[in-house]
Each structure stands twice: as C-alpha cells, then as structure tokens.
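> Below is the structure I would like to discuss, written out as structure tokens.
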Amino acid sequence: MPAAARACDQVSPIFLVGSPRSGTTLLRVIWNSHPNVIMPHECGFLHELFHKYAPLPSFSTRDVDRFLDDVFAVKDFNVLNLDRQALRQRFLELKEPAYAHMLNGIYQEFAARHDKAAGRWGDKHTNFIAHMPKIAALFPNVRFIHIIRDSRGSVASLLRSRLGRFAFEDGSTYYPHLPVGASKLWRKLVAQGRDDGAAMGPQRYMEIKYEDLVLEPERLCGEMCEFVGEEYDEAMLDPARHKDATYIPGHKAGRFHENIGKELLTERMAHWRKELSRQQLIVIEHLTGELMDSLGYERDIQQRRFGESAWLAWTLALDRPAEILRNIWRHFMDLDPHSER
C-alpha cells in the first residue's frame, strides 16, 4: 500500500466541483472577479500526477526536476505561462516539501504572475468531483463548493458540446455525447460529490445550484464568501467586466465557453426545453429522476404514453452492447487517449 500523502495545512484553497457542463467555469470566473482570489484555467496536473508524487515524504532536488519535467508535460499546463526556472527556485526554497507544498507553489507562482501574490488561490476541473478525498488529504483546510445543475440542462449542454468519453479509476466509462451516457455521468458525479461532501461536513463542503446562482447571484456570492472566509465583493456580480480574468485559452473559449465573459444569461436555464426531445427527456428523467427529486427539480414527464416504456427499455438494453462496440473501436483506432479521469 502506498504511503499516505503529506498534507499542507498552511493554506485553505477553494476547489470548485461539479459534473461537466454544470456551471463550474462560470463559477470560476465569478471567483476570479474577487480581488483576493485567483483560479487558473483547468489543466489537470493535480490528479494526473497524484499517484506518482503524493506518496513521496519529501522532494529531493532530483525529485523537483523530475516533477517539473512531468508537470510541464501535462496537457494544457503550459496555458498557465509559468516560468520553469522561477518555479524551480520557488520549490528549492521550500523546507522538506511534499506534493501538496509543490502544488501550493504552482498556484502561488500563478498568483504572483497576475498580481494576486498575497491572495487566496483555488481551482476547478471537471475531474475534481471524482477526487475530493484525495484533495482533502493534501489540503486539510480545503473548501469545496459543489455546483449542481438540473440534469436536463447539463445533459443538453453535453449533447451540444460532444465531449469525449469519461473513464474513471473504478473502471466505469461514460459517453456523454449520447443521452444515456450523459445522464449516467451526471448521476454518478452528482451523487459521488454529495456523498463525499457529506462525509467532510459543512465546514469544508457547500452545495449551490446553478439556477440559484443565475437568479440570485448576490445572495449566493455572499453565502459562498461567508463559507470560505472571504469578504464579499460586489465585483463578483459582474464577471462580464473581468473578461481578462477568465484565463481561458483562445482555442477553447469559442467551443466550450462561448457565454463566459457575458452577462449572466437567465434564459439559458430552461433552454433544454427547446433542445431536448420528449424521447430524450424520458431517458434523462428515468436515469436521474430520483436524484432530481431529492434536489427539488420537478420532472417534466409525469406519465409515459403507450409504448414509451417499451421503447425506453429497448434503448437502455442497447446501451451496454453499444458501449462494448465503442470500446473495441477505440482500442483499434486509438481514439482520444487522454480522456481518462
């Protein structure tokens, strides 16, 4: 069994978690509008290197150089535009650093490059919701904010975005470009986030709804600031004024985040009603309905018409064989090799 990770309890980072297309990027931009908080664009280095470096009790100079090689090789890490030598010097000045201290150094260096050197740092990634216990082990004083969106809105956005497969350490795989896969992904991640958050308690875990954030941003921002221990700042209410603080690379801004940097769009909340067919709604509400009920989301399909239950059963039965065929196809064609979560 690998050694437990050494923690860094000198900081209290803010981690934003949620299932894909649930408003995590919007939430990150809102927090970046706060004068004392900074969060980079997601690039996944924390969990991708966890198993290799978290067990090390302390980093030698050789470990520092190996770590730098690996972290700069992580996909999208270079969008942070960090200077390798400056980062190395910061690491070497640490006393007996462990993995958590190295991560803290990366975020502190990013903050320094954006004139928030004395500020609070945080991060968000679509994968963090599956790694909350690991993050809590690294940073015992962490604060998690879990943003939850109506499953129908999240699935509609996933279908539109056509993201690649999501594969997890437990062996489960999801294909969110299809209603069944997108619904199962939402159900898995929202339930896992709530379960892990409940185990951490209200001191470290907070839930908010995407719809509440859009409709009542002042109230939600005030509650979030109180939760993390920061002074509320009204700049958070106008992220459109702080477009430069999105830190989103240009090649990703148009495809996945076309509305970031604009005013909060209340009409987008129920846009799924125009985008999803009745058949898609039947699938989504069947797979996510119990969790929707517990979260207070009202179902749209109150009663199925003649034959729709049989059609639903056939659709769900076909999903497993289709998944097997997709995995075989990916194995031989080597598709999307970097999509593991």
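We did not get these values from a lab; they are worked out from the coordinates using the rules stated. Quick caveat: nothing in here was measured; it's all calculated off a predicted structure. Neighbour counts run over all protein chains shown; Cβ positions are idealised from the backbone, glycine included.
> Taking H as built 1.01 Å from N, whose amide H comes closer than 5 Å to the amide H of K209, not counting residues under 5 places away?
Distant-sequence amide H within range of K209: I148.
> Which one of C225, G44, M236 is farthest out on the positive end of the charge dipole of the range 14-333, using unit charges on Cβ (Lys, Arg +1; Asp, Glu -1) and the Cα centre as origin?
G44
> In 10 Å bins starting at zero, report the fraction of Cα pairs in the range 21-101 per bin as a rounded %.
Pairs per bin, as whole percents: 16, 42, 31, 11, 0.
> Past the 23 Å Cα-Cα mark, which pairs from K116/K209; K134/K188; K209/K274?
Over 23 Å Cα-Cα: K116/K209.
> OK, next. Relative to the Cα centre, what is the charge dipole magnitude of the range 14-333, using +1 at the beta carbon of each Lys and Arg, -1 at the beta carbon of each Asp and Glu, and rounding to the nearest 20 debye?
Computed about the Cα centre, the dipole is about 1120 debye.
> Same structure, new question: Within a 10 angstrom radius of the beta carbon, how do W186, W121, W31 rank from fewest other beta carbons to most?
Least crowded to most crowded, the residues run W121, W31, W186.
> In whole angstrom, and with the biggest value first, how far do the Cα coordinates of the range 63-206 range along each principal axis?
Computed over the Cα atoms, the extents are 49, 33, 31 Å.
> Continuing with the same structure: Using the Karplus equation 6.51 cos²θ - 1.76 cosθ + 1.60 (θ = phi - 60°), what ³J(HN,Hα) coupling, rounded to whole Hz, does each residue of the range 139-156 give in order, writing x for Gly and Pro?
Per-residue couplings from phi come out as 10, x, 9, 5, 10, 9, 10, 9, 9, 10, 10, 2, 4, 5, x, 5, 5, 4 Hz.
> Starting from the Kirkwood Rh over alpha-carbon pairs, what translational D in µm² s⁻¹ does the range 107-169 have by Stokes-Einstein at 37 °C and 0.692 mPa s?
Once the numbers are plugged in, D ends up at 224 µm²/s.
> Let me test this: with uniform point scatterers at the alpha carbons of the range 14-333, what is the Debye-based log₁₀ I(q)/I(0) at q = 0.07 1/Å?
Treating every Cα as an identical point scatterer, log10 I(q)/I(0) equals -0.30.
> Okay, next question. Taking the Cα centre of the range 133-198 as the origin, how large is its charge dipole in debye, to the nearest 20, when only Lys and Arg (+1) and Asp and Glu (-1) carry charge on their Cβ atoms?
Dipole of the range 133-198, to the nearest 20 debye: 280 debye.
> Moving on to the next point. At most 15 other Cβ atoms within 10 Å and a DSSP loop assignment: could you name the trypsin sites (Lys or Arg not before Pro) in the range 135-175 that fit?
Sites meeting the loop and neighbour criteria: R162.
> Which percent, to the nearest 5, of DSSP beta bridges fully inside the range 14-333 are antiparallel?
Percent antiparallel among DSSP bridges in the range 14-333 is about 10.
> For R113, what is the net charge nearby, where nearby means another residue's Cβ is under 12 Å from its Cβ and Lys, Arg count +1, Asp, Glu -1?
The answer is -1.
> Going by C-beta contacts inside 10 Å, put S151, S294, S33 in order with the fewest on the left.
S294, S33, S151
> A follow-up question, please. What net charge is computed for the residues neighbouring E223, neighbours being all others with C-beta under 13 Å from the C-beta of E223, Lys and Arg scored +1, Asp and Glu -1?
Net charge around E223: -3.
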